[in-house]
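Bear in mind that the values in this text are calculations on the coordinates, not laboratory data. Small disclaimer: the values here were computed from a predicted structure and weren't measured. Note: ideal-geometry Cβ built from the backbone for every residue, glycine included; neighbour counts use all protein chains shown.
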Amino acid sequence: MRPVRSDRPQRPLPSSAGLGPPKPVPAPETPPLARIRSLLNGYQSTAAIMAAYSLGVFGEIHRRPQTAEDLAKACASDPHGTRALLEALVALGALQRHGPTYVLSRDLAPYLVPGVDGDATGMMDVTTDLYHAYGELARGVRDGSPLYPLTGDEILHGDASRVRRYIRAVHTGSREAAFRVVQMAPLLAGSSLLDVGGGSGIYSATYARQTPDLKAHLFDLAPTLDVARDILHAEGLEEQIEYHAGDYRHDPFPGPVDTVLLSNVIQTESEEHVFGILKRAWEALRPGGTLLVHGVMPDADGPVQPPVALFSLMMFTLFGHGRAWSSDQVSEWLAQERFGVRFVKPLGEPFHTKLIAATRLD
Ligand SMILES: C[S@@+](CC[C@H](N)C(=O)[O-])C[C@H]1O[C@@H](n2cnc3c(N)ncnc32)[C@H](O)[C@@H]1O
């Protein structure tokens, strides 16, 4: 028998602090049937939200919390179907039920209810259109044609109400990201910003709010600017921005400026057009000026993340040539067009986008 060594140092017992982060526990593997079910049933959640939106359920509940019977009367819908829909919305977290009464969570109201303060229903409107368009995805992929085109030509010559829905949706989607971008790349007081393909102008407006005496120029197609004026007017920001109607595929950009911003633009365009836009951005900048590129730009060799891959598919369905160009690819193009990349940074949760800052080199 080996003697017991009482002088041996005691091994420390595991404690709850100071031992580094806990080891990741592998998630139990989802059985194949459950996985295929969840992939196949994704449409049901979207359909439930879209149905409630189009029946006016959210507006009714926002006006007054109500029972299923009252809502069925108010929305002229079948009581049994209405109750089933309401319960599904509770399960999905869009509604809450207190006893027999359904209520809407306050923070979701701007997204779900048209006409409330800070109405952000643009995303709901565009999703309604896209939901129908995606039913034809196989045809679009077979033909190589966008299913719901929002290209420059469509904006210039197509349905004006579609442009309004698009720009309202982009405005909603960009509101919070704009704050993050401004924090990550603040501008100097009294400097100038050119926001190319600036959409609703939410980035220009957010920069103008945060930067004393900023001269902000919004450059976009004329039909988009009409919508931007209305949105910014409603938010009391119209005066802070100078509007320039133009086509970034052909027209020179106004300049010289200290900073050019390309937010969510590159992902909508072909490589050929991206080069044209970068050239014109270089020309519009003062020597040493800054180009900011913001958008969904995955790592070239990184893991395929579902939101990013599905976003890239959406760029195809809307723009044909659009895709989530990688940040490595975009950095390479910037170097070719005489820009020195200063940083490439993810915006961080909950966003899937990155910001690239580059300097015009002479
Ligand atoms: C996805 S939105 C991005 C809007 C904004 N930069 C943002 O991040 O919220 C793309 C914008 O590019 C504009 N656009 C598309 N084709 C254009 C063109 N040929 N010339 C100028 N702007 C164009 C659209 O009108 C739209 O405002």
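Worth a mention:
- In this structure, the amide hydrogen of L95, modeled 1.01 Å from its nitrogen in the peptide plane, lies closer than 5 angstrom to those of V90, counting only residues at least 5 positions away or on a different chain.
- Residues listed by number, segment 34-68, amide nitrogen under 13 Å from R97 label point at 7 Å toward C-beta: 66-68
- 3J(HN,Hα) from dihedral phi, segment 127-134, Karplus parametrisation 6.51/-1.76/1.60, rounded to Hz, x for glycine, proline: 4, 4, 5, 5, 4, 6, 4, 5
- Within a straight-line Cα-Cα reach of under 20 Å, K345 can be paired with the following aspartates and glutamates, leaving aside sequence neighbours fewer than 8 residues apart in one chain: E176, D195, D299, D301, D328, E332.
- Extending 7 Å from the Cα toward the beta-carbon at both T67 and Q210 defines two label points whose distance is 5.0 nm.
- Summary of packing: across the peptides 138-148, 321-331, the per-residue average of other C-beta atoms within 10 Å ranks them, highest first, as 321-331, 138-148.
- Expressed as a whole percent, the proportion of Cα-Cα pairs in segment 131-360 lying more than 25 Å apart is 37%.
- Put simply, the amide H of A216, placed in the peptide plane, has neighbours under 5 Å in L193, E242, leaving out anything fewer than 5 places away on its chain.
- For V257, the amide hydrogen comes within under 5 Å of the amide hydrogens of L285, R286, counting only partners 5 or more places away or on other chains and with H modelled in the peptide plane.
- Antiparallel %, DSSP beta bridges [both residues in segment 132-284], to 5: 0
- Rg/Rh ratio calculated on Cα atoms of segment 45-115 (Kirkwood radius): 0.90
- Contour minus Cα-Cα distance for M50 and F179 (0.36 nm per residue): 43.6 nm
- Rounded to the nearest whole Hz, the Karplus-based 3J(HN,Hα) values (6.51 cos²θ - 1.76 cosθ + 1.60, θ = phi - 60°) of segment 144-157 follow the sequence x, 10, x, 8, 9, x, 10, 5, x, 5, 5, 5, 6, 10, with x at glycine and proline.
- Packing order of peptides 95-102, 353-360, highest average first: 353-360, 95-102 (average count of other Cβ atoms within 10 Å over each peptide's residues).
- Computed from backbone phi, the HN-Hα couplings of segment 321-333 come to 8, x, 6, 7, 4, 6, 5, 5, 4, 5, 4, 5, 4 Hz, rounded to whole numbers (Karplus: 6.51 cos²θ - 1.76 cosθ + 1.60, θ = phi - 60°; Gly and Pro given as x).
- Applying the criteria of a DSSP loop state and at most 15 other Cβ atoms within 10 Å to the GluC sites (Glu not before Pro) of segment 136-211 yields E136.
- Ordering 248-254, 290-296 by mean Cβ neighbour count within 10 Å, with the highest value first, yields 290-296, 248-254.
- Sequence-separation-based contact order of the chain, relative, with Cα cut under 8 Å and 6+ spacing, percent: 11
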